[in-house]
Amino acid sequence: MATATTARPEVAGTGKQRTTGVLLAGGIAAGPVFAVSVTAQVLTRDGFDLSRQPLSLLALGEHGWIQIATFVMTGLLALAGAAGMRRVLPPGQPGALWVPRLVAVFGLGLIVGGVLVADPSMGWPAGAPQGPAETMSWHAVGHGVGAMLAFCSLTVACLVFARREARLGRPGAAVLSVAGAAVVVLVMAWPHQDSISVRMALGSAVLFGWLSVVCARLLAVTSR
C-alpha cells in the first residue's frame, strides 16, 4: 500500500537507526498480534459468534482479560510505530507531521477501548441481553469513543499518506492507500446492521494491514 521514501539524515547511519527499526517493527507487529489473538479467541471461546457479536465483547467474561491485554498491547505497538514514523519521515515532506500523529491517535484509541470495556449485549457473555444493551454505562461510552478514534484516525492517515505519495510522484501507492480508506468507509457505512460485527472485523483487518505495510516499507529504508 506504500512505497519506500528517503530516510531522515539524522536517522540513517547513526546509533538511532536500530532504535528506529525496533519502533517500526512494533508498528508492523500490531496487526499480526491482534489477528492471532482474536482469531484464537473466536475459535476457542464457547458460545462466541462473530456473525452477531463484535470482537470488543471478547473483553467480557471469564477470559476477558486476554482481549483487554490484546487491545492495550496492540495500541502500544501502534504508538511505537508512530514514533518510528516520526523519526524516519523527512521534515517538511507531505504527511511527515500528521501521519505519525494520526497513527498515535489510533494507538491511543485501542488502549482506551481496552481499558474501558463494552457492556454485555448480543448474548455475550452468557446471560447477557440478546440484543443491544438498553442503557450504556460510562465505560461503554468510553469504549465507543476509543473505537471511533481508532477507526477514524487511521482512515484519515491512509488519505494523508495517499496525498503524500501522490505529491512525491508515486501514484500507485497513493491509489492503494485511498482504496484502503475507501474499503473501511464502505464497510462501516453499509446500512445492514445485522452484519456490523463482521464489518468491523474486516475494517480492522484493512487498517492494521495498511499500518503493517507502511511501517515495513519505512523499515526497509532505514535498514539500507
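Read-outs throughout are calculated quantities, based only on the coordinates presented, and are distinct from any laboratory measurement. Remember, it's a predicted structure, so these values are computed and weren't measured experimentally. With ideal geometry, Cβ positions are generated from the backbone for all residues, glycine too; neighbour counts draw on all protein chains shown.
Couple of notes before you dig in:
- Charge dipole (the chain, unit charges on Cβ, about Cα centre) - positive-most of A173, L108, P191: A173
- Dipole size of the range 1-157 about its Cα centre, with +1 on Lys/Arg Cβ and -1 on Asp/Glu Cβ: approximately 780 debye, rounded to the nearest 20.
- Taken over the range 83-161, the alpha-carbon convex hull comes to 95 cubic angstrom per residue.
- GNM on the chain, alpha-carbon springs under 10 angstrom: the most fluctuating residue among A80, A181, A205 is A205.
- Mean Cβ neighbour count within 10 Å, used as a protection proxy, ranking 54-61, 128-135, 216-223 highest first: 54-61, 216-223, 128-135
- Its relative contact order, with pairs defined as Cα atoms under 8 Å and 6+ residues apart, puts the chain at 31 percent.
- Rounded, prolate or oblate (a/c below 1.5 giving rounded, otherwise prolate when a/b exceeds b/c) for the range 160-224 by Cα gyration tensor: oblate
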